[in-house]
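Presented below is the structure to which this report refers.
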Amino acid sequence: MTHESAPTPQPAYGESVTTVEPFGVDHIPDSERHGKPSSQFFVWFAANLNFPIMMLGFNAIALGLSFTAAVTAVAAGALAGSLLMATMSRMGVRLGVPQQIQARGPLGFLGNFIPVAYINVFAGVGWASVTVILGGKAIAELLPVPFWVGSLLLTLVQLVVAIYGYNMIHYLERILAFVLLALFLLITAVALARGAGTFHADATADGYIGGWGGWITFAGAFFAFLVAWSPFASDYSRYLPDTKRSGKLTALFTGLGTFITVFWLGVVGALLGNSATTSDSIAALHQLTGPFAVPALAAVILSALSQNFLNVYGGAISLQTLRVPLTRPQGVALICVLGFLISLWGETGIEAKFEVFLSLTAYFIAPFAAVLLLDYYVGGRSDRSRIGELYDRSRVVGWGFVAWAAGVLLSVPFWHSALYTGPIAAAHPEWGSLGNYVAAAVAAIAYLATRRLPYLWVRGSARRTGDEVPATSKS
């Protein structure tokens with residue numbers, strides 16, 4: 001008598017680009033795992049080839065930094081953020097669930113709601129708005145159409161792509177990586193040829209707060225930019241096969257793709273900021289690229305898409321994490337509509353609003369990321385047999401939520417932005433912007449101090465959310 005092995009389940013999604021992704025916040029079963037770790041390089045290379053990074057670089061002049069100080073600050077911020085992104089992306093390969101779902105482990109099913117509601121939904125909508133504004137303004141510079149028309153066109157494109165989901169996003173990001181590489185190389189060459197150059201420290205600059213304070217603040221801006229990406233890192237690696245080699249290469253490719261683009265465009269932004277005669281970033285780019293303004297503005301438009309494919313998709317995942325009764329495509333549509341409406345309000349003064357948005361978002365995300373990292377590497381979350389805990393509603397609030405909240409609250413005195421400046425930051429501007437670091441450090445200490453305590457609030461017997469966790473996840 002012969003015994004036949006059970007047939008391998010056929011994937012419902014697989015590698016099809018033209019199939020609408022059927023999964024939302026579900027665990028991705030082994031039968032659906034596909035792709036190569038190198039895909040992460042193209043995703044994050046293309047997503048970070050965007051104009052907001054250059055806008056951050058403009059601030060080197062306002063802070064009175066020298067060119068050498070600006071370059072080293074960009075490098076430090078980009079390196080720290082890239083290491084964070086690499087680690088978070090690797091977690092997706094192992095666990096096969098979105099980053100926000102992973103946070104249910106240490107924070108609890110309900111405890112995770114507040115961070116996800118503020119951090120991820122707010123960040124998804126906010127980033128969608130910022131990039132639509134920049135892309136819409138670039139279209140208005142190129143074509144005789146009002147801003148809202150260009151913004152609407154971008155919104156419709158990102159709506160369709162994000163509805164198709166994971167495979168479509170990876171496919172288009174790979175193409176955009178090559179197209180945007182050529183366009184941003186052109187911007188770099190033209191800007192240098194037309195007068196963008198190095199500069200010296202300037203103690204009379206409007207934003208000068210001392211050499212070290214300015215350096216810390218400038219480096220922190222690039223770190224904060226990547227911290228804002230971190231709650232979405234696993235979303236774009238969770239379909240990859242779970243092997244040790246795949247995990248290591250995923251981290252490597254994510255880190256490389258992120259660091260190269262952020263460092264490159266941050267330095268170019270500093271060079272451009274030294275030569276610009278207008279405070280409007282898009283107008284400055286148009287001015288500095290002269291006869292090459294068309295491909296330069298095209299780069300802004302396409303980079304708005306490469307970034308927003310991820311923002312909108314991640315925002316929809318966040319809505320589902322909150323148990324909002326929407327399918328993933330419906331969540332995509334809602335994020336797109338909200339992003340478009342906010343872009344109409346935020347068209348003017350985008351540079352100042354962007355800096356406030358970035359800093360306030362990062363103050364909440366830095367402790368969130370610290371808790372997730374420690375829970376994975378110290379708290380045993382890498383054990384796939386515990387994936388079921390992430391869908392267990394009886395685990396209401398964990399000590400990780402207390403750690404996150406402590407990180408946020410105790411960092412408030414160190415916050416520094418145009419909207420609010422904490423008392424310590426106001427009294428010691430020469431220290432620079434320390435809010436991110438304080439928030440992460442406090443959360444880390446609080447997590448380590450409480451991680452062995454019984455779970456803070458467990459309600460009744462285990463109850464699943466309805467998102468299936470296949471038996472294969474127990475291996």
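Counting pairwise Cα distances across the range 209-355, what percent come out greater than 25 angstrom?
46
If you work out Rg and Dmax of the Cα atoms in Å from the coordinates, which of (i) 26.1, 89; (ii) 22.4, 67; (iii) 22.1, 89 do you get?
Read-out taken from this structure: (iii).
Pull out the extension gain between Ala418 and Thr198, defined as 0.36 nm times the separation in residues minus the alpha carbon to alpha carbon distance; nm, one decimal.
76.4 nm
Between the helical axis of 147-164 and the dominant principal axis of the chain, each derived from Cα atoms, what acute angle in degrees is found, rounded to the nearest 10?
Between the helix axis and the principal axis of the chain, the angle is about 30 degrees.
Give the order of Leu302, Leu288, Leu154 when sorted by the count of other beta carbons within 10 angstrom, beginning with the fewest.
Ordered by Cβ neighbours within 10 Å, fewest first: Leu302, Leu288, Leu154.
Pairing the Cα long axis of helix 244-275 with the longest principal axis of the chain, what angle in degrees results, from 0 to 90 and rounded to the nearest 10?
Once rounded, the angle reads 20 degrees.
Roughly how many whole Å is it from the C-alpha centroid of the range 289-345 to that of the range 57-77?
29
Suppose a student asked you for the relative contact order of the range 34-464, using Cα pairs under 8 Å spaced at least 6 residues apart; what percent would you report?
For the range 34-464, the relative contact order is 32 percent.
Round to the nearest 10 and give me the degree value, 0 to 90, for the angle of helix 122-142's Cα axis relative to the longest principal axis of the chain.
So the helix axis and the longest Cα principal axis differ by about 40 degrees.
Would you pull out the residues with amide H under 5 Å of Trp457's amide H, same chain only if 5 or more places away, H placed 1.01 Å from N?
It is Val396, Val397, by chain and number.
Going by amide H atoms built from the backbone, whose H comes under 5 Å of the H on Asp392, apart from near neighbours?
none
For the range 374-386, take each phi angle, set θ = phi - 60°, evaluate the Karplus expression 6.51 cos²θ - 1.76 cosθ + 1.60, and give the result in whole Hz per residue in order, putting x for glycine and proline.
Result, rounded to whole Hz: 5, 5, 6, 8, 10, x, x, 5, 6, 6, 5, 5, 9.
Hey, if you put +1 on the Cβ of every Lys and Arg and -1 on every Asp and Glu Cβ in the chain, which of Leu319, Val145, His200 ends up farthest toward the positive end of that dipole?
Most positive-ward Cα: Leu319.
Among Val125, Val356, what is the fewest-to-most ranking by other Cβ atoms within 10 Å?
Val356, Val125
Could you give each residue of the range 211-225 its phi-based ³J(HN,Hα) in whole Hz, using Karplus coefficients 6.51, -1.76, 1.60 with θ = phi - 60°, and x for Gly or Pro?
x, 6, x, x, 5, 4, 5, 5, 4, x, 5, 6, 5, 4, 4
Given the -39500 (n - 2.57) contribution per DSSP H run of 4+ residues, what per-residue ellipticity at 222 nm results for the chain, rounded to the nearest 500 deg cm²/dmol?
So the helix-based figure for the chain works out to -20500 deg cm²/dmol.
Under the Karplus relation 6.51 cos²θ - 1.76 cosθ + 1.60, θ = phi - 60°, what is the ordered set of whole-Hz ³J(HN,Hα) values for the range 106-111, x standing for Gly and Pro?
x, 8, x, 4, 7, x
Using a simple spin-label model with points 7 Å from Cα along the Cα→Cβ vector, what separation in nm is obtained for Leu186 and Leu448?
Placing both labels 7 Å beyond Cα along the Cβ direction yields 5.1 nm.
Provide Tyr437, Tyr236 in ascending order of the number of other Cβ atoms located within 10 Å of each residue's Cβ, fewest first.
Ascending number of Cβ neighbours within 10 Å: Tyr437, Tyr236.
Hand me the tally of lysine pairs in the chain: alpha carbons under 24 angstrom apart, and the pair either on different chains or 8 or more positions apart.
So the count of such lysine pairs works out to 6.
For His416, enumerate residues with amide H under 5 Å from its amide H, sequence gap 5+ or separate chain, H modeled in the peptide plane.
Gly422, Gly435
I need the fraction of alpha carbon pairs in the range 93-244 separated by more than 21 Å, rounded to a whole percent.
I get 67 percent for the Cα pairs in the range 93-244 exceeding 21 Å.
Find how many whole Å separate the alpha carbon centroid of the range 132-173 from the alpha carbon centroid of the range 362-429.
Answer, in whole Å: 33.
Read the figures in this text as sums done on the coordinates, not as results from a lab. Just so you know, these numbers come straight off a predicted model, no measurement behind them. Because the Cβ atoms are built from the backbone with ideal geometry, glycine has one as well, and the counts that use them run over all protein chains shown.
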